[in-house]
Amino acid sequence: MRESETGLRARLVDVGVDLVAHEGVQALTLREIARRAGVSHGAPRRHFPTHLELLSAIARRGFDELAERATAAVGGGTGSPREQVGALGRVYLEFALGNRGMYELMFRHDLLESGHLGLRDTSLPLFGRLVDLVGRVRPDADARLVAGALWANLHGIAQLWGWGSLQLATGSPDFVPLLREALDAHLGPEGE
C-alpha cells in the first residue's frame, strides 16, 4: 500500500474511534465515517470491503487500549495473584464505564464471530491472563470456568452500572464494593 492509502485507512479508523466515543455505536455508518474523514462515501470500501471489517478495525483499537491498561495495572506482577485479578477487574470496569460505546462495539457477537482482523485473537490473551491468575488463586478449580464466570459477573456489573440499575438496587455510589463481592464469590474470601 502506498503511504497515502495506509494514512487514509488509519484516518478512517481514527474517525470511527472518535465517533463511537462521542456518539455511540449507532453513529458508525460508512457514510458518516467517510464524511468526517473528508472522503467520498465510497472511499472506505477500498480499505474495508465490508462495514464489518471497518467496525472490527475500530473495535481492535478498543481491545488494544484495554490490553495496555491491563498490563499497566498488573505491572511487573509484584502483587499477589488475587491482587492482580482485582486490578484487572477494576481496569475492566473502569474501561467499560468510561468507554461505553467502544465497550459495546468490542463485545458484539457478529464482530467476534466474523474473524475479521482476528478480534477473537486480540481478546483471548486478556482472558488467558485472567485464567492464569485465577488458577494461581484457585488451584482446586477449573480456572477457565471460574475465570469465565468472573468475567460474566464483571460484564454484568458493567452493563447494569452503566444503566444505573445497580446504583438504585444497592444504594452504592461506587462499583468497588460490587467488585470485591464478585471476587469473593468466585475466588473465595480474601485472606483464605
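Tabulated results
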| item | result |
| --- | --- |
| Close pairs (8 angstrom Cβ cut-off, 6 or more residues apart or separate chains): of a type in the set (S, T, N, Q) in the range 128-155, in a helix (DSSP H, G or I) anywhere | Asn153/Ala182; Asn153/Ala185; Asn153/His186 |
| Odd one out for Val15 among (1) at pLDDT below 95; (2) surrounded by 13 or more Cβ atoms within 10 Å (Cβ to Cβ); (3) in a helix (DSSP H, G or I); (4) not assigned by TED's automatic domain parsing to the domain that holds Asn99 | (1) |
| The range 56-80, residues that are surrounded by 17 or more Cβ atoms within 10 Å (Cβ to Cβ) and farther than 21 Å from Asp18 by Cα | Ala70, Ala73, Val74 |
| Verdict on Thr6 being out of contact with any Ser or Thr (no Cβ under 6 Å at 6 or more places or on another chain), free of Cβ contacts under 8 Å to residues at least 60 places away in the same chain, over 30 Å from Asp174 (Cα atoms) and among the β-branched types (Val, Ile, Thr) | yes |
| Residue in the range 171-184 that is surrounded by the fewest Cβ atoms within 10 Å (Cβ to Cβ), counting only those that are part of a helix (DSSP H, G or I) and touching a helix residue (DSSP H, G or I) at 6+ places or on another chain (Cβ under 7 Å) | Leu179 |
| Matching residues, the range 81-100, being without any contact (Cβ under 8 Å) to a residue 12 or more places away in the chain and farther than 21 Å from Leu160 by Cβ | Glu83 |
| Among the residues listed as Gly75, Gly86, Gly118, the single one being modelled with pLDDT of 90 or more and either out of contact with any His (no Cβ under 9 Å at 6 or more places or on another chain) or outside the structural domain of Glu23 (by TED's automatic domain parsing) (or both) | Gly86 |
| The range 161-174 residues that are under 21 Å from Asn99 (Cα atoms), paired with ones that are among the hydrophobic types (A, V, I, L, M, F, W, C) and not in a helix (DSSP H, G or I) (beta carbon under 9 Å, 6 or more apart) | Trp161/Phe175; Leu166/Phe175; Gln167/Phe175 |
| Among (1) closer than 21 Å to Leu166 by Cβ; (2) at pLDDT 90 or above; (3) surrounded by fewer than 20 Cβ atoms within 10 Å (Cβ to Cβ) - the single one Phe107 does not satisfy | (2) |
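The values are calculated or read from the model by the stated rules, or taken from the named source; none is laboratory data. Bear in mind that the values here come from a model prediction, so they are computed numbers and not experimental data. As a convention, Cβ positions derive from the backbone with ideal geometry for all residues, glycine included, and neighbour counts pool all protein chains shown.
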